[in-house]
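The structure appears below as structure tokens.
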Amino acid sequence: FPEVDESRIKMRNVTLSELNKEEQKKLLLRPVLNSLAMIDKVKPIVERVRKEGDAGLKAMTKQFDKADLSSNVLLPPFATPTEEELPVDVKKAIDVAYDNVKTFHQAQAETKPLIVETMPGVQCSRFVRPIARVGVYVPGGTAILPSTAIMLGVPAQVAGCKTIVLATPPRPDGSISPEVLYVAKLVGVTCILKAGGAQAVGAMAYGTEEVPKVDKIFGPGNQWVTAAKMLVQNDTDALVAIDMPAGPSEVLVIADHTANPIFVASDLLSQAEHGTDSQVVLVGINLSNKLLQDIEDQIDIQAKALPRVAIAREAIKKSVIVLVKSEKEAIEFSNEYAPEHLILHLEKAEKVVENIENAGSVFVGAFSPESCGDYASGTNHTLPTNGFARQFSGVNTLSFQKHITSQFVSSDGLKLLGPSVVRLAEREGLEAHANAVRVRLAELSK
Ligand code: HSO
Ligand code: ZN
């Protein structure tokens, strides 16, 4: 029997105003990812797929995933999972999630071009086009994540991407989880790439005999996947974009005296169970000793009842409760931290949202657990971590599209605008630019 760790599962707590600036800053830090060292490690893997193509991919799938495949690519029509593989209630739950995510992401799609006349006869417009070929990475590992297949597959489908490659590591028998297979069918993927890690990223970035090369790679993954995405993004030969730099998942919960300790603990733990490196922060506004104690008790009790208690224990150990004296102090801290997920257990949660400057996604009020957004409410769960919520949005329909601008200048428009262009071109010493306008103005004055 392995020894069971019965010790209390507890977050440390600090009072923000008692810390000096240095200590306060430390609270904002996430575990350092040594991305440069990781990039060096993934380089030979990515290079091998690039050079050897399918043969290299196959060999590495055997080595890393223990799956001996005749081909890494699975083409539709995919087999419909049996009732035994995928019970009706699970299928129905996937359908609910699919419908809600689709509804929300369809509403994000721009349907009309933006057309603006900046001067009489000078018409500027902007319109959207899908990124033709995309790759979505669905992690395997400690949990199967069909929800990630929904969160990436649906916006790709809604955006109108022509080629959608869904990459996911195969199980040792070479199969893919029936949940992921079912989602792949729903979103209409072009093919499933049965590969994981850096080798899957390499195959999608460069293409192989069987794997289509893609233009943008999406999806969370372990450090190998993240490093491989960063590597290929910087290779002008690959000509591939990525969604965002990904790090361990995080949640910041703000709670006041109205918070239900059972709910608060459940939210903290739903993040903590993701991984030992998950970041969990509770910001408490004027919590009574009793409420703080109740939350701590609930964390311990609920965590010990989880199958993934060992993971949650590690994450909670590294996590912190930050005690503050006002809502303003709480929001300032949260905006500085820029959490991936922000949950508001506050009396006037809705009112507070207008003061949120940095967060991937906000969960408003006692009955909006992060789990709803993780799975099925409609918002995307692929969100910026590591403080990147300062400058990145979560994955959305536009992430799978790009904008093109265009202009139409009429002859009257050119008469009006042309002299300014000529003057600017002269000032930059670019006579050919000036000439392109001058020759036309000359023609028009004939
Ligand atoms: N919270 C994760 C997403 C997820 N949760 C998938 C459950 N399944 C990162 O946002
Ligand atoms: Zn989650």
- Query: Do the conditions hold for Ala312, that is, is it of a type outside the set (Lys, Arg), touching a Gly at 6+ places or on another chain (Cβ under 7 Å), modelled with pLDDT of 95 or more and crowded, with 19+ Cβ neighbours inside 10 Å?
  - Reply: no
- Item | Where Thr276 falls short, out of the listed (1) under 17 Å from the mean Cα position of the chain (by Cα); (2) of a type in the set (Val, Ile, Thr); (3) within 16 Å of ligand 1 (Cβ to nearest atom); (4) open to solvent by 10 Å² or more (accessible area, probe 1.4 Å) | (1)
- Query: Does Leu269 fit the bill of being surrounded by fewer than 17 Cβ atoms within 10 Å (Cβ to Cβ) and within 16 Å of ligand 1 (Cβ to nearest atom)?
  - Reply: no
- Among the numbered criteria (1) out of contact with any strand residue (DSSP E or B) (no Cβ under 6 Å at 6 or more places or on another chain); (2) under 20 Å from Lys216 (Cα atoms), which single criterion is violated by Val134? (1)
- Item | Condition broken by Ala246, with the remaining ones in (1) in contact with a helix residue (DSSP H, G or I) (Cβ under 6 Å, 6 or more places away or on another chain); (2) open to solvent by 20 Å² or more (accessible area, probe 1.4 Å); (3) among the hydrophobic types (A, V, I, L, M, F, W, C); (4) more than 13 Å from ligand 1 (Cβ to nearest atom) satisfied | (4)
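Would you check if Pro339 is within 25 Å of the chain's Cα centre (by Cα), part of a loop (DSSP other than H, G, I, E, B) and not basic (Lys, Arg)?
In short, yes.
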- Item | Identity of the residue in the stretch 379-394, more than 10 Å from ligand 1 (Cβ to nearest atom) and among the hydrophobic types (A, V, I, L, M, F, W, C), that ends up farthest from Ala330 (Cα to Cα) | Phe392
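Suppose we keep only residues that are of a type outside the set (A, V, I, L, M), over 26 Å from Ala246 (Cα atoms) and touching a residue at least 40 places away in the same chain (Cβ under 8 Å) within the stretch 279-301. Which one would you say is least open to solvent (accessible area, probe 1.4 Å)? Steps first, answer last, please.
Taking the stretch 279-301 first, the residues of a type outside the set (A, V, I, L, M) are 279, 284, 286, 288-290, 293-294, 296-298, 300.
Those still in the list that are over 26 Å from Ala246 (Cα atoms) too: 284, 286, 288-290, 293-294, 296-298, 300.
Still in the list and also touching a residue at least 40 places away in the same chain (Cβ under 8 Å): 284, 286, 296, 300.
Details: Gly284: 1, Asn286: 98, Glu296: 20, Asp300: 20 Å².
Across the stretch 279-301, the extreme among qualifying residues is Gly284.
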- Task: Please find, within the stretch 106-120, the residue that is farthest from Ala156 (Cα to Cα) out of those that are touching a Phe, Trp or Tyr at 6+ places or on another chain (Cβ under 9 Å) and surrounded by 13 or more Cβ atoms within 10 Å (Cβ to Cβ).
- Result: Pro113
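Please go through the stretch 102-121 and pick out each residue that is touching a residue at least 12 places away in the same chain (Cβ under 8 Å) and in contact with a Ser or Thr (Cβ under 8 Å, 6 or more places away or on another chain).
Phe104, His105, Gln106, Gln108, Ala109, Pro113, Leu114, Gly121
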- Single residue of Ala338, Ala376, Ala434, Ala359 found to be in contact with a helix residue (DSSP H, G or I) (Cβ under 9 Å, 6 or more places away or on another chain), away from ligand 1 (no atom under 16 Å from the Cβ) and of a type outside the set (Ser, Thr, Tyr): Ala434
- Task: Out of Gly219, Gly197, report the one residue that is under 22 Å from Asn396 (Cα atoms) and either open to solvent by 30 Å² or more (accessible area, probe 1.4 Å) or under 20 Å from the mean Cα position of the chain (by Cα) (or both).
- Result: Gly219
- Looking at (1) among the polar types (S, T, N, Q); (2) within 16 Å of ligand 1 (Cβ to nearest atom); (3) under 21 Å from the mean Cα position of the chain (by Cα), which is the only condition Ser319 fails? (3)
- Task: Looking only at the stretch 123-149, count how many residues are within 16 Å of ligand 1 (Cβ to nearest atom), of a type outside the set (Ser, Thr, Tyr) and open to solvent by less than 10 Å² (accessible area, probe 1.4 Å).
- Result: 3
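The values are calculated or read from the model by the stated rules, or taken from the named source; none is laboratory data. On a predicted model such as this, the values are computed, not experimentally measured, just so you know. As a convention, Cβ positions derive from the backbone with ideal geometry for all residues, glycine included, and neighbour counts pool all protein chains shown. In case anyone asks, the SASA skips ligands and DNA or RNA and just uses the protein heavy atoms, side chains included. Shrake-Rupley method; radii C 1.70, N 1.55, O 1.52, S 1.80 Å.
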